[in-house]
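Have a look at the structure below before the remarks.
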Amino acid sequence: MGSIAEDDGYERELVADRGGTKTSAGSALWPSRPAKRPYRDVLTTQGRVRGYFFPGPPHYAFLGVPYARPPTRNDRFKAPEPPPQWDGIFEATHRIKCPQIDEDGVENCLVINVFAPEHGASLPVIVHVHDGDFQTGWGSYRAPQQLLNESFVIVTFNYRLGALGFLCLGSTEAPGNAGLKDQIAALYWVQRNIKNFGGNSLDITVYGTGSGAVAVELLLLSGITTGLFHRVILESGSALAPTSVTYTPFSSALNVASLLGYDGEAKPNKLARFFQNTSVRKLVNLTEMFLPCVERDVQNTNSLLDMDPLDVLKDAHFFHVPIMIAYTNALEVKIISDNMERFRTIPNDFENLLPNNLDFENEEFKLKLARLVKEFYFGENEIGNSLIPNYVDYVNDIFIEYPVVKSAILHARATQPVYLLKFTYKGIMSSMKNEEIPGAGHGDLYMYIFSNERLSNEERVVADRLVKLVTNFIKLG
């Protein structure tokens, strides 16, 4: 995910050299006089776009290029339409985010960013899909220096989030998974245009982080992305995790609508109309998480996922490409580190802590399983600091380690090669500051590969090794 701290320097440099100003929305930059900075014009299927030069390493940045039309009110929750076309030159200097909590975003946000090395043709391409639990995030506005040094063309992009991206009513107005369909549209744009930016359309690796990894795996399992990419890197996310797919999308949407004042019938078309007319501000400030769903569109039009991901993996009937799967050993424990007191005791109703994607024959069996799990992870421990490592193990097993390893095993039954990497290094820059929780934190792997932060000598060695692993996988297999 891009961050303001990471990207402000990029923007200041661009404004200063171009004599431009920010718009009131803070999402686009326009020149007030002819540009001083060297630029490159590239012809796309929509028209000509202009990107600007940046050093360290030398590259051209094309920011905020539309890859699909902005979703209008009636099409708000549908698959995206083809992008607009224009005459003249599109100034590719737009910093845009999709609507999300605590951020300034606009619905006209389906844009892509391309970072192309100054020299080179037919270079390998890395398309990064950002994290954010499907509720937050945006395509980074700044290129990762280490990967540019390895002569990759880097692509980042936005996709719809929260209710706007994942309202799933099973109707023609809101079939579900609009955010995933945005990603397919972005990949299609890359296929059609990346050659003119110096990239090779036959050498595309999609790199997903966190929920971005979940999304990429779901796209892989959908069976409709054949030929759009050629390798996959899944970091810290699995389609088999309990928080990857919602199994009760309609009832969740109905509950949210009721909280927003809806008192109509529980019918998909009427519920869709209500959400179409609800303001963006209300939709992005919901506490309910909207996630990908198994689509129940009775007309089966434009469906992306019509089976449970586990069933698809077991059947092995999907697009097979080489895969690298990576994860850390302290991924989903921020909730623990932020609420330490809450996790110094074990609740009596432990069954409420079981994964939500399990099916039970009856309540008695659920309670029995809860007792067994509690005994396995916590033993005789009942209270105090000693419980924290137990909770960390339990949470990581549920949300990351078991789903990731299970997914790797199932992929390996049908796909070669499949590489599995566990990252446990905890450096000075680690996001997991709490000393009671061992190992690497959420986003650490991404930081060492994509971030431009200044690192210590020891951390630089770790970063170089990780970049070499990724580079070897992409270039050599």
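The values are calculated or read from the model by the stated rules, or taken from the named source; none is laboratory data. Note that this is a predicted model, so its numbers are computed, not measured. Because the Cβ atoms are built from the backbone with ideal geometry, glycine has one as well, and the counts that use them run over all protein chains shown. When the accessible area is computed, the model is the full protein with side chains, heavy atoms only, and any ligands, DNA or RNA have been set aside. Shrake-Rupley method; radii C 1.70, N 1.55, O 1.52, S 1.80 Å.
The table below gives the values:
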| read-out | value |
| --- | --- |
| Number of positions in region 66-85 that are open to solvent by 50 Å² or more (accessible area, probe 1.4 Å) and in contact (Cβ under 8 Å) with a residue 12 or more places away in the chain | 8 |
| So residue 134, is it open to solvent by less than 10 Å² (accessible area, probe 1.4 Å), at negative phi, among the hydrophobic types (A, V, I, L, M, F, W, C) and touching a helix residue (DSSP H, G or I) at 6+ places or on another chain (Cβ under 6 Å) | no |
| Residue list for region 144-153, filter: part of a loop (DSSP other than H, G, I, E, B) and open to solvent by 10 Å² or more (accessible area, probe 1.4 Å) | 150, 151 |
| Residues located in region 220-259, provided they are in a loop (DSSP other than H, G, I, E, B) and under 30 Å from residue 424 (Cα atoms) | 229, 230, 236, 237, 238, 239, 240, 241, 242, 243, 244, 245 |
| Of all residues making up region 284-320, the number that are surrounded by 20 or more Cβ atoms within 10 Å (Cβ to Cβ) and modelled with pLDDT of 90 or more | 9 |
| Given (1) in contact with a strand residue (DSSP E or B) (Cβ under 6 Å, 6 or more places away or on another chain); (2) within 23 Å of residue 151 (Cα to Cα); (3) of a type outside the set (Asp, Glu); (4) at pLDDT below 95, number of the condition residue 227 does not satisfy | (1) |
| Residues of region 176-214 satisfying the condition of being assigned to a helix (DSSP H, G or I), hydroxyl-bearing (Ser, Thr, Tyr) and either under 15 Å from residue 225 (Cβ atoms) or touching a helix residue (DSSP H, G or I) at 6+ places or on another chain (Cβ under 8 Å) (or both) | 188 |
| Meets criteria (closer than 20 Å to residue 284 by Cα and under 15 Å from the mean Cα position of the chain (by Cα)) for residue 211 | yes |
| In region 383-406, residue nearest to residue 234 (Cα to Cα) [restricted to those that are of a type outside the set (Ser, Thr, Tyr) and modelled with pLDDT under 80] | 392 |
| Residue within region 260-277 that is assigned to a loop (DSSP other than H, G, I, E, B) and under 22 Å from the mean Cα position of the chain (by Cα) present | no |
| Residue match in region 103-124 (condition: of a type in the set (D, E, K, R), touching a helix residue (DSSP H, G or I) at 6+ places or on another chain (Cβ under 8 Å) and surrounded by fewer than 23 Cβ atoms within 10 Å (Cβ to Cβ)) | yes |
| Candidates 253, 213, filtered to the one that is buried (at least 23 other Cβ atoms within 10 Å of the Cβ) and more than 24 Å from residue 172 (Cα to Cα) | 213 |
| Qualifying residue in region 145-154 (condition: under 21 Å from the mean Cα position of the chain (by Cα), of a type in the set (S, T, N, Q) and over 27 Å from residue 202 (Cβ atoms)) | no |
| Some residue of region 47-63 being open to solvent by 10 Å² or more (accessible area, probe 1.4 Å), of a type in the set (D, E, K, R) and assigned to a loop (DSSP other than H, G, I, E, B) | no |
| Among residues of region 96-129, those that are in a strand (DSSP E or B), among the polar types (S, T, N, Q) and under 17 Å from residue 60 (Cβ atoms), counted | 1 |
| Counted residues, region 176-191 - those being under 20 Å from residue 249 (Cβ atoms) and at pLDDT 95 or above | 8 |
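Conditions tested, residue by residue: (1) assigned to a loop (DSSP other than H, G, I, E, B); (2) acidic (Asp, Glu); (3) modelled with pLDDT under 95.
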| residue | (1), (2), (3) |
| --- | --- |
| 139 | yes, no, no |
| 142 | yes, no, yes |
| 156 | no, no, no |
| 159 | yes, no, no |
| 171 | yes, no, yes |
| 174 | yes, no, yes |
